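Below you'll find the structure, written out as structure tokens, and then a few comments.
The values are calculated or read from the model by the stated rules, or taken from the named source; none is laboratory data. These figures come from a predicted structure and were not determined experimentally. Don't worry about glycine lacking a Cβ; one is built from the backbone with ideal geometry, like all the others, and counts go over all protein chains shown.
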């Protein structure tokens, strides 16, 4: 049980760490387009992200995939900006094709984000024979932290739209713009060539 708590907390802290806000930024732009009544879709969306994150973390932990850290650190804010720009180009309710694209973003970009934590995770678990259980426990922590972030975003969106009468379109455009404004300097600072 102690190991579960250790890896679960590690997953929570990985997402909620104030210094590692890139994960939070991605979850914000990924979910800002949804309303509270779409919470089931949002849970599936973040689960897709967690699956991608866990798949790449697993492949890296077992030394199957090796991607240079500089490339991964560059790609993480790129994924945030791409998702934010996509929201700005099509700031309407997700449906059909747009929803499939958002779910693809979640899965594929989860793969990228998982690689960003792989070196630290490999060092943490070391030469343990059983690596699957810590990976699953860590994934539960990530999922729980993402649910917290999503709830905050959905509540904030609901308050802004219902109490302050901010249009959904403006909420998506302004929120995505703010996230891009934070993430774009990260892209510039992490250029690896």
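Exactly one condition in (1) at pLDDT below 95; (2) in a loop (DSSP other than H, G, I, E, B); (3) in contact with a helix residue (DSSP H, G or I) (Cβ under 7 Å, 6 or more places away or on another chain) is false for residue 134; which is it?
Exception for residue 134: condition (2).
Okay, residues lined up against (1) surrounded by fewer than 19 Cβ atoms within 10 Å (Cβ to Cβ); (2) in a helix (DSSP H, G or I):
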| residue | (1), (2) |
| --- | --- |
| 144 | yes, yes |
| 149 | no, yes |
| 153 | no, yes |
| 158 | yes, yes |
| 165 | yes, no |
| 172 | no, yes |
| 179 | no, yes |
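Go through the range 56-87 and count every residue that is in contact with a helix residue (DSSP H, G or I) (Cβ under 6 Å, 6 or more places away or on another chain) and within 29 Å of residue 188 (Cβ to Cβ).
In the first step, residues of the range 56-87 are kept if they are in contact with a helix residue (DSSP H, G or I) (Cβ under 6 Å, 6 or more places away or on another chain); the result is 56-58, 60-61, 65, 67, 72, 75-81, 83-84, 87.
Next, only the ones that are within 29 Å of residue 188 (Cβ to Cβ) stay: 56-57, 60, 65, 67, 72, 75-81, 83-84, 87.
Count: 16.
Could you please tell me which pairs satisfy a Cβ distance under 7 Å, a separation of 6+ or placement on different chains, a first residue in the range 101-113 that is modelled with pLDDT under 95, and a second residue that is outside any helix (DSSP H, G or I) and surrounded by 17 or more Cβ atoms within 10 Å (Cβ to Cβ)?
Partner pairs satisfying both residue conditions: 102/94.
Among the numbered criteria (1) farther than 20 Å from residue 149 by Cβ; (2) in contact (Cβ under 8 Å) with a residue 40 or more places away in the chain, which one does residue 81 miss?
(1)
Residue by residue through the range 145-160, note down the ones that are touching a helix residue (DSSP H, G or I) at 6+ places or on another chain (Cβ under 6 Å) and within 21 Å of residue 114 (Cβ to Cβ).
145, 146, 149, 150
Could you list, in sequence order, the residues of the range 181-192 that are loosely packed, with under 14 Cβ neighbours inside 10 Å and not in a helix (DSSP H, G or I)?
191, 192, listed by residue number.
So in the range 14-59, with the set limited to residues that are more than 17 Å from residue 150 (Cβ to Cβ) and in contact (Cβ under 8 Å) with a residue 24 or more places away in the chain, which one is surrounded by the most Cβ atoms within 10 Å (Cβ to Cβ)?
57
Which ones in the range 117-131 are touching a residue at least 60 places away in the same chain (Cβ under 8 Å) and either in a helix (DSSP H, G or I) or under 12 Å from the mean Cα position of the chain (by Cα) (or both)?
The answer is 117, 118, 121, 122, 124, 125.
Can you tell me which residue among 78, 65 is over 13 Å from the mean Cα position of the chain (by Cα) and either surrounded by 15 or more Cβ atoms within 10 Å (Cβ to Cβ) or on the phi > 0 side of the Ramachandran plot (or both)?
65
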